[in-house]
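Asks: The structure under discussion is supplied below as structure tokens; questions concerning it will follow.
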Amino acid sequence: MGTDIDHLLTIAEALRAVRERAVLLTPRLCSLAEASGYCLAEDVTADLDLPPFDKALVDGYAVRSSDLNAGECRLTVGEEIVAGRTPTRALAPHEAAAIMTGAPLPPDADAVVMVEKTRRDGLDVIFEGGLVRPGQNRLLRGREMRAGDIVLRKGERLNAPRLGLLASVGRSEVLVFPRPRVAVVPTGDELVEPQVVPGPGQIRNSNAVMLQALAGSAGAEVCSFPIAPDERTGLRSALERGLSFDVLTITGGVSAGNRDLVPEVLQSLGVTCVFHKVQVKPGKPLWFGVGPPRGDAPGTLVFGLPGNPVSGIVGFLLFVRPALRALASPAESLPIVSRRRLARSFAHSSDRPTYYPSRFSPESAGAEAGIEPLDWAGSADLRTVAQADGFAVFPAGDRHYQAGEVVDFLHLG
Ligand SMILES: Nc1nc2c(c(=O)[nH]1)N[C@H]1C(S)=C(S)[C@@H](COP(=O)(O)OP(=O)(O)OC[C@H]3O[C@@H](n4cnc5c(N)ncnc54)[C@H](O)[C@@H]3O)O[C@H]1N2
Ligand code: MOO
């Protein structure tokens, strides 16, 4: 039996339409101090061998292992090599060199004996037994990398060790994919900012701060706009400014009411609608389009998220977050979904696939944790979602799920 939602895009179709249009942003140079969290937009090669010389890994004596393995336990101490200096000559026969951690080994030395395993006796050093393995406590030149090796690849996300590695191959700047710039525009004459006590018919703007946090944790730079009115001129000027960003996220005004002006005003600004409404609950009225090209840059990706707060969150997690990731990273970008066991039975009935606020069961832990659907009052009920770890996914239909059945789970974080 067909219903009126059958003609709407499925989640997979809508996501494909978004991802096809989310193309990588133009790379830019970034100083290492600012580059944490960005994705590399270039392959990085080593400019030198590391270590650049055979180096001592401990404080002690550089030796020819064959001297000690042939039964010698006393060698003459030749020169002393400190870190930052180079040896002036090779080891003479039956000679050791005092050496410090990190210093270059003299030619002919193939091992270092820790100072704790030796005793000084005038000009000599006495070794206190045991075979010395060739290569012991020595790091060979180029063991970590060779000049010309690719040490990091395009697409890798920069974290502390990778930044350190960039510094050690002589980079002070790297090409990265920029963070997407995102505008968040709340709309609705009924909205007031959180510090205001709502008058009759008014409601506090909870969506802007939520979307700001969601976009920020997806790696975006976010600009939160003042509340835009349900009136063409004011709405148009806010949305026009929003079209200078890589992504424009609007909440409210996208369903079927005669004050739902967002689609119409967007189209008057040259934004092409890609789809309106998706087979999903909550979040069905979601609107997606692409703005006119911005000079050399592609048009802004425009998401009209439904005004109900939970619909906005689900729409963001399913469509906006993957788009933000795709703008800033060549890696595959999909919603963060895992398979989870239901910790209690649950009856579900809907004409649309439903994302149902759920939390990890306190009785189990970690990746094995089961999930419990919460007692949720629908798409305006944020209080319940504030206790959730994500959303259990129930396909369209009418069905009783048993405890222990496995379902998809869309993660909030
Ligand atoms: N005839 C129809 N009516 C509705 C449909 C539909 O398909 N046909 N869809 C319903 C669904 S589903 C949803 S979800 C809502 C979405 O409506 P809009 O996106 O147009 O949003 P508004 O009507 O402006 O607001 C809905 C609701 O959310 C509150 N809101 C809006 N912005 C904020 C904000 N920034 N912070 C907190 N709360 C906000 C607003 O006050 C309303 O209560 O439409 C259904 N109707
Ligand atoms: O599906 Mo709406 O998005 O009910 O809240």
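Readers should treat all values here as calculations from the given coordinates under stated rules, not as data from a laboratory. Not measured: the values here are computed from a predicted model. Cβ sites come from the backbone with ideal geometry, for glycine too, and all protein chains shown count toward neighbours.
Asks: Between region 317-342 and region 129-151, what's the alpha-carbon centroid distance in Å?
Replies: 41
Asks: Counting only DSSP beta bridges with both residues in the chain, tell me the antiparallel percent, nearest 5. Present the calculation step by step, with values, prior to reporting the outcome.
Replies: On the way: 58 of 82 bridges.
In the chain, approximately 70 percent of DSSP beta bridges are antiparallel ones.
Asks: Still on this model: Where does the chain land at 222 nm, in deg cm²/dmol rounded to the nearest 500, when only DSSP H runs of n ≥ 4 count, each adding -39500 (n - 2.57), divided by all residues?
Replies: -5000 deg cm²/dmol
Asks: Within region 1-100, report the trypsin sites (Lys or Arg not before Pro) that DSSP leaves as loop and that have at most 16 other Cβ atoms within 10 Å.
Replies: Answer by residue number: ARG85, ARG89.
Asks: Which listed residue (GLY155, LEU8, CYS30) has the Cα farthest towards the positive end of the charge dipole for the chain, taking +1 on Lys and Arg C-beta and -1 on Asp and Glu C-beta about the Cα centre?
Replies: Going by the charge dipole, the pick is LEU8.
Asks: Over all directions, the average projected area of the alpha-carbon convex hull for the chain comes to how many nm²? Mind showing how you got there, number by number?
Replies: Values: hull surface 117.9 nm².
Averaged projected hull area, Cα only: 29.5 nm².
Asks: In debye to the nearest 20, how big a dipole does region 337-411 give about its Cα centre with +1 on each Lys and Arg Cβ and -1 on each Asp and Glu Cβ?
Replies: 60
Asks: Using R₀ = 25 Å, calculate the FRET efficiency as 1/(1 + (r/R₀)^6) where r is the Cβ-Cβ separation of SER338 and GLU221; round to 0.05.
Replies: Approximately 0.30, to the nearest 0.05.
Asks: What's the magnitude of the charge dipole for the chain around its Cα centre, counting Lys and Arg as +1 and Asp and Glu as -1 at the beta-carbon? Answer in Debye, nearest 20.
Replies: Once rounded to the nearest 20, the dipole reads 380 debye.
Asks: Compute the distance from the alpha-carbon center of region 188-207 to that of region 236-253, in whole Å.
Replies: Comparing the Cα centres of region 188-207 and region 236-253, I get a distance of 20 Å.
Asks: Let me ask another. Mind pulling up the Rg/Rh value for region 306-413? Radius of gyration and Kirkwood radius, both on Cα.
Replies: On the way: Rg = 14.1 Å, Rh = 14.4 Å.
Radius of gyration over Kirkwood radius for region 306-413 works out to 0.98.
Asks: Now a separate question. Hey, with R₀ at 60 Å, roughly what FRET efficiency would GLU363 and LEU140 work out to, going by the Cβ-Cβ distance, to 0.05?
Replies: 0.70
Asks: How much length is gained on full extension from VAL196 to ASP351, taking 0.36 nm per residue of separation minus their Cα-Cα distance?
Replies: Roughly 52.0 nm would be gained on extension.
Asks: If you don't mind, another one. With a sphere of radius 11 Å drawn around the Cβ of VAL185, what net charge do the other residues whose Cβ falls strictly inside it have (Lys, Arg +1; Asp, Glu -1)?
Replies: 0
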